[in-house]
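Peer 1: Structure provided below as structure tokens; questions to follow.
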Amino acid sequence: MPAACESVLEDIEDIVSAEDVKPHDRQFVRRNVFPKVRKRNSQKNAQTDDEPPSDSIIPGVQKIWIRTWGCSHNNSDGEYMAGQLAAYGYKITDNSDEADLWLLNSCTVKNPAEDHFRNSIKKAQEGKKKVVLAGCVPQAQPRQEYLKGLSIIGVQQIDRVVEVVEETIKGHSVRLLGQKKDNGKRLGGARLDLPKIRKNPLIEIISINTGCLNACTYCKTKHARGDLASYPIEELVDRAKQSFQEGVCEIWLTSEDTGAYGRDIGTDLPTLLWKLVEVIPEGAMLRLGMTNPPYILEHLEEMAKILNHPRVYAFLHIPVQSASDSVLMDMKREYCVADFKQVVDFLKEKVPGITIATDIICGFPGETDEDFQETMKLVELYRFPSLFINQFYPRPGTPAAKMPQVPAAVKKQRTKDLSQLFHSYNPYDHKVGERQRVLVTEESFDSNYYVAHNPFYEQVLVPKDPLLMGKMVEVNIYEAGKHFMKGQPVSDARVHTASISRPLAKGEVSGLTEEFRRSAQNGTKWKAQPNAEVPVKPRLGSWMALQLPWQQEGGGLKILSVSLALLAVLVMFYCRGMKTEL
């Protein structure tokens with residue numbers, strides 16, 4: 001077994017010698033590797049003949065626990081990493097105690113999220129678990145002391161998570177933090193057609209771009225995700241089509257700023273949305289993610305038309321952060337309060353009933369009592385049904401962390417005052433008695449109801465009838481709370497089956513072909529190529545290791561190098577033969 005590396009390595013290739021088996025080549029030698037099965041005294045711990053021990057150092061057989069913090073973009077990254085690991089043969093477990101390795105996918109927006117991340121690392125180390133770190137925290141500050149010696153997978157390198165996990169299991173510390181580029185131009189990130197395990201098989205999260213065009217003084221995410229890089233429209237449309245073919249009935253578009261989409265590749269958000277609308281089947285819905293005011297201002301007319309489409313939720317998340325222009329200037333938000341009001345007023349007029357969600361930061365450096373009162377007035381004016389209230393936390397390395405801070409007690413009081421205002425009104429009371437069309441997609445947190453959403457993406461709780469899951473139904477609203485309504489299905493109403501095929505089972509890997517699934521059931525090992533699949537002999541019963549297209553980066557160059565070397569040897573022997581004859 002290789003000794004653990006003391007120094008942190010920048011790439012997998014740094015630890016692979018000429019004698020080592022490469023991850024790309026492992027499929028050719030694994031059939032000859034037979035793990036030694038330990039004898040167990042108890043029947044409970046006995047291993048079957050088909051399954052090697054979970055503590056084997058053979059990569060691809062261990063149990064992995066994945067924990068993700070933060071936004072939907074981060075959640076999508078976590079789903080992709082889980083899918084690749086499961087496709088390779090690792091078991092994704094919900095039990096952190098039984099896991100051999102913890103994959104911790106972090107969020108850098110607030111101090112508490114990073115504190116949870118740091119504590120989880122400590123807990124993993126205390127439990128003698130292998131650890132791989134991902135997400136925005138290690139990407140933004142990889143040299144922090146508590147990250148020393150640990151493996152890191154960068155936010156644009158998630159398609160190489162299998163390699164990082166393999167090397168970590170063998171005792172190496174590996175860091176992949178580079179950017180994906182094509183001819184020098186930064187790409188949106190890893191490919192969208194990678195395998196994934198959706199947390200909810202009915203909901204597909206699609207990241208349409210990464211990074212943003214802003215430089216907000218409080219934001220740490222910019223340090224991790226960087227400048228704007230958008231995916232091409234055709235790739236996003238293909239991903240949506242694939243999702244619907246796998247039983248998805250709701251798509252979430254996400255990014256650090258969806259409104260800025262396409263500015264780097266010569267297109268824009270409305271153009272993308274119109275293309276996506278064309279492929280949404282009847283009964284399925286599209287939800288648009290967060291957009292900052294500056295970039296949506298240019299497309300208000302088109303956005304209103306799109307948000308009125310029957311297969312698009314009339315919902316938009318537009319963070320205002322503060323109703324004080326001086327505070328917004330210190331934040332470098334690149335808009336004023338009047339811009340925000342213009343967007344909200346226009347959409348409320350053109351899209352009747354639209355839900356506008358927003359964010360507010362309480363106690364930003366330099367915020368006066370007068371500034372805060374302006375924010376209170378804005379909330380009183382619009383009575384946002386969805387309001388994300390954040391007490392300001394100075395993030396290390398940001399300009400705002402160096403500004404004179406508002407006292408902690410004042411920040412806490414302002415957060416409390418705004419929360420009290422938000423809870424003083426009930427946005428859904430007037431909807432009791434309405435008949436609404438809702439799409440049922442998940443189970444409530446307390447497991448007592450199913451959760452559905454009406455055309456305005458307002459939450460409606462319905463009875464836990466398995467026949468309703470994944471369906472679009474009509475309900476009568478009979479009760480309303482602060483954050484939800486309750487609805488009773490109408491008996492004579494038509495039920496729409498939103499998906500065009502059976503949804504994947506929970507935990508099932510997306511993106512694998514039917515031929516691949518059949519081979520897995522039959523115990524056949526497959527070597528997946530970009531354009532073909534060739535069955536080869538199985539090894540050790542039913543547990544398999546896979547080499548899939550996304551792992552073949554650089555493979556062509558290595559094959560070329562080997563081919564040239566073999567050619568050189570043949571030429572040498574030929575020349576020697578000619579000399580002998582002479």
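Peer 1: Determine the pairs where a residue that is in contact (Cβ under 8 Å) with a residue 40 or more places away in the chain, located within the stretch 116-127, has a partner that is open to solvent by less than 40 Å² (accessible area, probe 1.4 Å) with Cβ atoms under 7 Å apart, the partner being 6 or more residues away or on another chain.
Peer 2: Between residues of the stretch 116-127 that are in contact (Cβ under 8 Å) with a residue 40 or more places away in the chain and residues that are open to solvent by less than 40 Å² (accessible area, probe 1.4 Å), the close pairs are H116/W69; F117/W69; F117/L104; F117/S106; F117/V137; S120/L104.
Peer 1: Quick one: R437 ticks every box in (1) within 27 Å of L347 (Cα to Cα); (2) among the basic types (K, R); (3) touching a Phe, Trp or Tyr at 6+ places or on another chain (Cβ under 8 Å) except a single one, so which number is it?
Peer 2: Failing condition for R437: (3).
Peer 1: With the requirement that a residue be open to solvent by 10 Å² or more (accessible area, probe 1.4 Å) and either touching a residue at least 60 places away in the same chain (Cβ under 8 Å) or farther than 22 Å from R311 by Cα (or both), what does the stretch 256-274 give you?
Peer 2: Result: E256, R263, D264, I265, G266, T267.
Peer 1: When you check I152 against the structure, is it buried (at least 21 other Cβ atoms within 10 Å of the Cβ) and touching a Pro at 6+ places or on another chain (Cβ under 7 Å), yes or no? Steps first, answer last, please.
Peer 2: On the way: buried (at least 21 other Cβ atoms within 10 Å of the Cβ): yes; touching a Pro at 6+ places or on another chain (Cβ under 7 Å): yes.
When the stated conditions are applied, I152 passes them.
Peer 1: Would you check if V438 is closer than 30 Å to K91 by Cβ, under 26 Å from the mean Cα position of the chain (by Cα) and of a type in the set (V, I, T)? Give the derivation first.
Peer 2: Numbers: closer than 30 Å to K91 by Cβ: no; under 26 Å from the mean Cα position of the chain (by Cα): yes; of a type in the set (V, I, T): yes.
No, not satisfied.
Peer 1: State whether one or more residues within the stretch 425-443 are touching a helix residue (DSSP H, G or I) at 6+ places or on another chain (Cβ under 6 Å), outside the structural domain of K348 (by the TED database) and surrounded by 14 or more Cβ atoms within 10 Å (Cβ to Cβ).
Peer 2: Here is the first cut: in the stretch 425-443, the ones touching a helix residue (DSSP H, G or I) at 6+ places or on another chain (Cβ under 6 Å) are 440.
Checking which are outside the structural domain of K348 (by the TED database) leaves us with 440.
Still in the list and also surrounded by 14 or more Cβ atoms within 10 Å (Cβ to Cβ): 440.
Yes, some residue in the stretch 425-443 is touching a helix residue (DSSP H, G or I) at 6+ places or on another chain (Cβ under 6 Å), outside the structural domain of K348 (by the TED database) and surrounded by 14 or more Cβ atoms within 10 Å (Cβ to Cβ).
Peer 1: Let me ask something else about it. Please work out if I360 is open to solvent by less than 30 Å² (accessible area, probe 1.4 Å), touching a residue at least 12 places away in the same chain (Cβ under 8 Å), within 26 Å of G70 (Cα to Cα) and out of contact with any Ser or Thr (no Cβ under 9 Å at 6 or more places or on another chain). Talk me through it step by step, then tell me what you get.
Peer 2: Numbers: open to solvent by less than 30 Å² (accessible area, probe 1.4 Å): yes; touching a residue at least 12 places away in the same chain (Cβ under 8 Å): yes; within 26 Å of G70 (Cα to Cα): yes; out of contact with any Ser or Thr (no Cβ under 9 Å at 6 or more places or on another chain): no.
So I360 fails the test.
Peer 1: Within the bounds of the stretch 158-170, is there any residue that is closer than 30 Å to R287 by Cβ and within 13 Å of the chain's Cα centre (by Cα)?
Peer 2: yes
Peer 1: Can you go through L85, L104 and tell me which one is within 25 Å of Q141 (Cα to Cα), in the same structural domain as V131 (by the TED database) and buried (at least 18 other Cβ atoms within 10 Å of the Cβ)?
Peer 2: Of the residues listed, the single one that is within 25 Å of Q141 (Cα to Cα), in the same structural domain as V131 (by the TED database) and buried (at least 18 other Cβ atoms within 10 Å of the Cβ) is L104.
Peer 1: Could I ask something else about it? Tell me whether the stretch 47-67 contains one or more residues that are of a type outside the set (D, E, K, R), modelled with pLDDT under 50, over 30 Å from I205 (Cβ atoms) and open to solvent by 50 Å² or more (accessible area, probe 1.4 Å).
Peer 2: Within the stretch 47-67, one or more residues are of a type outside the set (D, E, K, R), modelled with pLDDT under 50, over 30 Å from I205 (Cβ atoms) and open to solvent by 50 Å² or more (accessible area, probe 1.4 Å).
Peer 1: Continuing with this model, one more query. What's the total number of residues in the stretch 131-149 that are over 17 Å from K220 (Cβ atoms), free of Cβ contacts under 8 Å to residues at least 40 places away in the same chain and open to solvent by 40 Å² or more (accessible area, probe 1.4 Å)? Even if it seems obvious, please write down each step before you answer.
Peer 2: Taking the stretch 131-149 and keeping what is over 17 Å from K220 (Cβ atoms), we get 131-132, 145, 148-149.
This time we only want the ones that are free of Cβ contacts under 8 Å to residues at least 40 places away in the same chain, so: 131-132, 145.
If we keep only those that are open to solvent by 40 Å² or more (accessible area, probe 1.4 Å) too, we end up with 145.
Within the stretch 131-149, residues that are over 17 Å from K220 (Cβ atoms), free of Cβ contacts under 8 Å to residues at least 40 places away in the same chain and open to solvent by 40 Å² or more (accessible area, probe 1.4 Å) number 1.
Peer 1: Hey, another quick one. Please determine, by comparing only the residues of the stretch 468-503 that are hydroxyl-bearing (S, T, Y) and open to solvent by 30 Å² or more (accessible area, probe 1.4 Å), which one is nearest to Y449 (Cα to Cα).
Peer 2: Kept after step one, since they are hydroxyl-bearing (S, T, Y), are these residues of the stretch 468-503: 478, 491, 497, 499, 501.
Add one more test, that the residue is open to solvent by 30 Å² or more (accessible area, probe 1.4 Å), and what stays is 478, 491, 497, 501.
Details: Y478: 15, S491: 18, T497: 20, S501: 25 Å.
Of everything passing the filter in the stretch 468-503, Y478 is nearest to Y449 (Cα to Cα).
Peer 1: Shifting gears a bit: R175 is checked against (1) under 17 Å from the mean Cα position of the chain (by Cα); (2) not β-branched (V, I, T); (3) not assigned by the TED database to the domain that holds Y295 and fails just one. What number does that condition carry?
Peer 2: (1)
Peer 1: Also, quick follow-up: Return yes when I92 is assigned to a strand (DSSP E or B) and either polar (S, T, N, Q) or surrounded by fewer than 21 Cβ atoms within 10 Å (Cβ to Cβ) (or both) and no when it is not. Working first, answer last.
Peer 2: Numbers: assigned to a strand (DSSP E or B): yes; either polar (S, T, N, Q) or surrounded by fewer than 21 Cβ atoms within 10 Å (Cβ to Cβ) (or both): yes.
Judged against the criteria, I92 is a match.
Peer 1: I would also like to ask the following. Can you name the residue in the stretch 221-241 that is open to solvent by less than 10 Å² (accessible area, probe 1.4 Å) and of a type in the set (D, E, K, R) and, of all such residues, is nearest to A400 (Cα to Cα)?
Peer 2: R225
Peer 1: Can I ask one more? Kindly list the number of the only condition in (1) within 22 Å of I251 (Cβ to Cβ); (2) under 24 Å from the mean Cα position of the chain (by Cα) that fails for N454.
Peer 2: Answer for N454: the failing condition is (2).
Peer 1: On to the next question. For the stretch 451-460, which positions are crowded, with 21+ Cβ neighbours inside 10 Å, free of Cβ contacts under 8 Å to residues at least 60 places away in the same chain and not small (G, A, S)?
Peer 2: The answer is N454, V460.
Peer 1: Continuing with the same structure: Please indicate, with yes or no, whether at least one residue in the stretch 105-126 is part of a strand (DSSP E or B) and either under 30 Å from I389 (Cβ atoms) or among the aromatic types (F, W, Y) (or both). It would help to see each step written out before you state the result.
Peer 2: So the first thing to find is which residues in the stretch 105-126 are part of a strand (DSSP E or B), and the list is 105-106.
Filter again for either under 30 Å from I389 (Cβ atoms) or among the aromatic types (F, W, Y) (or both), leaving 105-106.
Checked the stretch 105-126: at least one residue is part of a strand (DSSP E or B) and either under 30 Å from I389 (Cβ atoms) or among the aromatic types (F, W, Y) (or both).
The values are calculated or read from the model by the stated rules, or taken from the named source; none is laboratory data. As the structure is a prediction and not an experimental result, all values here were calculated from the model. We place every Cβ from the backbone using ideal geometry, glycine too, and count neighbours over all the protein chains shown. Accessible surface areas use protein heavy atoms only, side chains included; no ligands, DNA or RNA. Shrake-Rupley method; radii C 1.70, N 1.55, O 1.52, S 1.80 Å.
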